[in-house]
Amino acid sequence: MKKNEWFVLFFGLWILTGCSLMWATEFDFAKNKFNGGNLVIDQERQRALLIYIDREKLKIGPVLNEEGEEVGRNFKEEWMRDNNQVLNRMTVEVLSGGQGKQDKLVFKEKAQTGQWWQTVDLKTVYINTYWLDYTLVDTLPEQDQVRKARHYKIFKSVDGGESFTQLKSWPSFRQVKQVLFDETGLKGYAIGEQKTLWRTSDGGETWVKIHMPKPIIDQLNAMKFDLRIDEIFSSYHFDEKTKDFYFSNLFENHGQYYSVIYKLPWSDDPKKIV
């Protein structure tokens, strides 16, 4: 068969199969949100949630002299001139929408960063946020910053993101980078600070501190370069079926860098984790 005949055959099959390789529109969503974010869609492709970071818009206006003449342009409000104030006004937000649904803002919390986890049907959703008070942090000694200027929160929704409740079991001074759960949304981990994990078996109602096994700690302490606390878990994965937690760290040995992957099996008795 000649080359052009192959092309005609392929093109004909492509037409007959409904151009299945082409992009298709599922539904309109988040039309006015142009900053991007993290999008999830449920199994039936009927509902969608979008998490994103937002900040108040900065507005420029005329600067007038005593005679009312415009002599320049500057920010309209005083706080817009202060970068610390601008950072303090950032928010983590979640937009809900879907097939035949109006976009609706279902979550908004003052924070500079936020992560989330959700079941595949989007019925259970967890969000963890972090807000740093930039106007306060530089005025405090380092030992006071954690409890007074840094604020960590975990929120939970069990109605598909229609409403969120803050988990009071998580104190705001306790660092959390990410929450990870199994298929049920009940058993999981919160990645925290000081070489530890926090785990829950009741959907975040209570948390148990899990210390890293001593051999891992010894290996981390033997590293030849400084390790920031929030880089203990440089990468990680939680198997939602087996509830095994995997994480890796970067090590250096005589100028050679390598990673070691650790596996932490789930045990119904946290005391058995050694």
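Just so you know, all these numbers are worked out from the coordinates, no wet-lab data involved. Model, not experiment: these values are computed from the prediction. A quick note on method: Cβ atoms are made from the backbone with ideal geometry, for glycine too, and the neighbour counts reach across all protein chains shown.
In sequence order, what are the phi-derived ³J(HN,Hα) couplings for the stretch 202-216 according to the Karplus relation 6.51 cos²θ - 1.76 cosθ + 1.60 with θ = phi - 60°, rounded to whole Hz, with x for glycine and proline?
So the J values, rounded to whole Hz, are 10, x, x, 5, 9, 10, 10, 7, 10, 7, 5, x, 4, x, 5.
Sequence-distant or interchain residues sharing an amide H contact under 5 Å with PHE107, placed H: which?
VAL94
Past the 25 Å Cα-Cα mark, which pairs from LYS104/LYS153; LYS214/LYS241; LYS123/LYS243?
LYS214/LYS241
Run down the aspartates and glutamates and flag those whose C-alpha is under 14 Å from the C-alpha of LYS177, throwing out any fewer than 8 positions away in its chain.
Reachable aspartates and glutamates: GLU193, ASP230, GLU231.
Please list, in order along the stretch 56-71, the HN-Hα scalar couplings obtained from phi with the Karplus expression 6.51 cos²θ - 1.76 cosθ + 1.60 (θ = phi - 60°), rounded to whole Hz, x for Gly and Pro.
My calculation for the stretch 56-71 gives 5, 6, 8, 10, 9, x, x, 9, 10, 8, 5, 8, x, 8, 6, 10 Hz in order.
Give me LYS187, LYS214 sorted ascending by neighbouring Cβ count inside 10 Å, so fewest comes first.
LYS214, LYS187
Once you put a point 7 Å from the Cα of ASP54 and another 7 Å from the Cα of LYS101, both along the Cβ direction, what distance in nm separates them?
It works out to 1.7 nm between the two label points.
Quick one: Karplus J couplings for the stretch 176-183, per residue in order, coefficients 6.51, -1.76, 1.60, θ = phi - 60°, nearest Hz, x for Gly and Pro?
Couplings: 9, 8, 6, 10, 9, 10, 7, 4 Hz.
Please enumerate, by chain and number, the aspartates and glutamates with C-alpha under 14 Å from the C-alpha of LYS110, excluding those fewer than 8 residues away in the same chain.
Counting by Cα, and skipping residues close in sequence, LYS110 has these aspartates and glutamates nearby: ASP54, GLU56, GLU93, ASP133.
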